[in-house]
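The values are calculated or read from the model by the stated rules, or taken from the named source; none is laboratory data. Computed from a predicted model, the values in this text were never measured in an experiment. Virtual Cβ from ideal backbone geometry, glycine too; neighbours counted across all protein chains shown. SASA here: full protein model, heavy atoms, side chains in, ligands and nucleic acids out. Shrake-Rupley method; radii C 1.70, N 1.55, O 1.52, S 1.80 Å.
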Amino acid sequence: MTSDGSPKRLQVLLSAYACEPARGSEPGVGWNAAVEIAKHHDVLVVTRANNRTVIEAWLERNPVSGLRFAYFDLPKWAMWWKRGPRGTRLYYYLWQIGIYLLARKMLRESSVDVIQHATFVKYWVPSFLSLLPRPFVWGPVGGADSTPPIFRSDLSGPGRSYELSRQIAQSFAEFDPFLRLTARRSTIALATTEATASRIETLGASDVRILGAIGLSGHTLKSIDAAQLDSDRRSLRLISIGLLHDFKGFQFALRALARTAATDAEYWIIGDGPARGRLEKETATLGIGERVQFLGQLPRDDVLGKLSQSDVLVHPSLHESGGLVCLEAMAARVPVVCLNLGGPATIVTPETGIVIEAESPQQVVQDLAQAIAQLDHDRAALTQMAIASRARVEAEYHWEKKGEQMARLHREAYDKMRKTRA
């Protein structure tokens with residue numbers, strides 16, 4: 001307690017390999033977590049040295065009280081092989097070992113009350129910071145969600161190979177004794193979905209809770225609002241945004257659109273990736289080329305502009321621990337149609353969109369088509385969903401709210417450790 005009776009600000013050491021301002025995905029998670037937690041506790045962030053320039057430039061323009069950074073990278077001689085995903089995975093593992101040695105020195109030189117691992121947001125790589133003698137909050141982490149077996153026959157050869165290699169990598173990773181130590185030594189472990197929570201419990205974590213890793217900052221909400229455009233068009237416009245991989249399920253959306261001949265709905269697809277050729281071929285085969293536009297990879301401002309001109313985000317991903325694009329759509333007052341799988345299913349409610357069961361490819365296509373027709377014919381319901389979508393983001397997924405949640409968890413972990421030692 002402080003002299004006025006209020007709880008003291010804790011000293012939090014935050015591990016955030018990915019951490020950059022004004023970014024989405026993993027870098028945005030690391031950055032926003034750090035900034036928002038610093039409103040409640042003093043935060044020292046350990047991140048990569050190559051993030052230093054952009055972070056310090058941002059902080060010079062926008063100082064944040066209670067927030068400091070320590071930068072660490074492996075020696076240059078150990079970075080020559082860091083090319084592509086495999087090199088990144090190995091580098092990240094070794095980086096975790098390196099910051100453990102750095103943090104051990106920090107604990108001798110300064111006060112640290114709680115340690116948290118923030119990024120990368122994946123459960124199958126250990127955090128060596130859990131070995132330090134402090135309360136440890138692991139996560140939120142995800143990554144355990146996978147394509148349901150009944151859908152794998154619908155994937156292309158490369159798509160099936162990707163899923164198999166991902167599953168094998170995770171299975172082998174779970175034999176890592178340091179991963180199991182990370183789980184067992186977590187004071188509180190945070191999982192983004194039920195699937196990841198189950199895996200973390202199996203690894204030995206004793207206190208596992210569900211908490212999404214993603215949110216939207218005030219800056220992002222302002223950018224989304226600035227992109228809002230008025231339109232008097234009548235046709236329903238669907239949009240999907242993301243890397244074009246088989247597991248994103250955009251092929252199901254195309255087949256569903258082909259079944260909605262009674263509507264004049266059109267479909268924009270933003271993104272690029274290995275499945276683009278297959279999707280374009282399927283579009284032609286289905287005879288819906290006039291209703292579908294492949295817009296490719298676009299700058300972020302253009303993506304937000306296209307989103308603001310759309311009515312419904314169709315996001316039939318077969319596995320995804322987060323679902324940031326769903327939050328961005330909801331913030332733009334664009335309801336979401338998704339599958340009852342992974343992170344998106346925890347974000348979308350009956351008031352903000354339509355969540356479809358994932359029992360088989362045929363059933364998903366049929367239910368997607370029904371959802372598209374339903375939203376096209378009931379524009380009043382679509383309008384109500386749009387209003388509720390923005391309200392849900394502001395109430396539950398604004399980074400300020402998530403910062404408050406994290407600060408309470410730090411306090412709980414700190415008190416829990418003190419009681420254990422008493």
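Tell me which of T260, V348, S146 sits at the most positive position along the dipole axis of the chain, charges placed on C-beta atoms (Lys, Arg +1; Asp, Glu -1). The one lying farthest along the dipole's positive direction is S146. Note that region 99-235 shows a convex hull volume over its alpha carbon atoms of 188 Å³ per residue.
Computed in the context of the full set of protein chains, the accessible area of the chain at 1.4 Å probe radius has 53% of its extent on carbon or sulfur. So what is the diffusion coefficient of the chain in µm² per second by Stokes-Einstein at 20 °C and 1.002 mPa s, using a Kirkwood Rh over Cα pairs? For the chosen part, D equals 95 µm²/s.
Computed on the Cα trace of region 58-164, the radius of gyration divided by the Kirkwood hydrodynamic radius gives Rg/Rh = 1.08. For region 61-69, putting each phi into the Karplus relation 6.51 cos²θ - 1.76 cosθ + 1.60 with θ = phi - 60° gives couplings of 7, 9, x, 10, 5, x, 10, 10, 10 Hz, in residue order, rounded to whole numbers and with x for Gly and Pro.
A convex hull fitted to the Cα coordinates of region 173-294 yields 176 cubic angstrom per residue. Using heavy atoms of the protein chains and a probe of 1.4 Å, the accessible area assigned to S161 is about 70 Å². Proximity of backbone amide H atoms, modeled 1.01 Å from N, is registered between E359 and V364 at under 5 Å, excluding neighbours fewer than 5 places apart on the same chain. Backbone amide hydrogens, once placed in the peptide plane, bring H398 within less than 5 Å of L216, excluding anything fewer than 5 places away on its chain. Here region 265-323 has an Rg and Dmax of 12.4, 33 Å, counting Cα atoms alone.
At a probe radius of 1.4 angstrom, the accessible area of region 130-171 per residue rounds to 40 square angstrom.
On a per residue basis, the convex hull of the C-alpha atoms belonging to region 287-365 measures out at 113 Å³.
Across region 44-53, computed HN-Hα scalar couplings (Karplus, 6.51 cos²θ - 1.76 cosθ + 1.60, θ = phi - 60°) run 10, 9, 9, 9, 6, 5, 6, 8, 4, 4 Hz from first to last residue, x flagging Gly and Pro. Between G143, G30, G287, the residue with the greatest mean-square fluctuation in the GNM of the chain (Cα pairs under 10 Å linked by springs) is G287.
Seen against the Cα atoms of the chain and their longest principal axis, helix 194-203 is set at about 40 degrees.
To the nearest ten degrees, helix 25-37 and the longest principal axis of the Cα atoms of the chain are 50 degrees apart. Counting only protein heavy atoms and a 1.4 Å probe, region 9-64 has 38 square angstrom of accessible area per residue. Its residues counted as N, region 290-422 yields a C-alpha radius of gyration over 2.2 N^0.38 Å of 1.30.
For region 312-372 and region 384-400, compute the distance between their C-alpha centroids and round to whole Å. If we compute the Cα centre of each part, the gap is 16 Å. Each Lys and Arg Cβ is given +1 and each Asp and Glu Cβ -1; about its Cα centre, the chain then shows a dipole of about 1700 debye.
About its Cα centre, region 1-72 has a charge dipole of approximately 60 debye under the convention of +1 per Lys or Arg Cβ and -1 per Asp or Glu Cβ, with nothing else charged. The 3J(HN,Hα) values that the Karplus relation (6.51, -1.76, 1.60; θ = phi - 60°) gives for region 145-158 are, in residue order, 5, 9, 5, x, x, 5, 8, 5, 5, 7, 7, 6, x, x Hz. Gly and Pro appear as x.
For region 177-331, the solvent-accessible area of protein heavy atoms averages 40 Å² per residue (probe radius 1.4 Å; ligands and nucleic acids excluded). Farthest towards the positive end of the charge dipole of the chain, among the residues I270, T196, M417, is the Cα of M417, using unit charges on the Cβ of Lys, Arg, Asp and Glu. Relative to the longest principal axis of the Cα atoms of the chain, the long axis of helix 361-377 lies at roughly 70 degrees.
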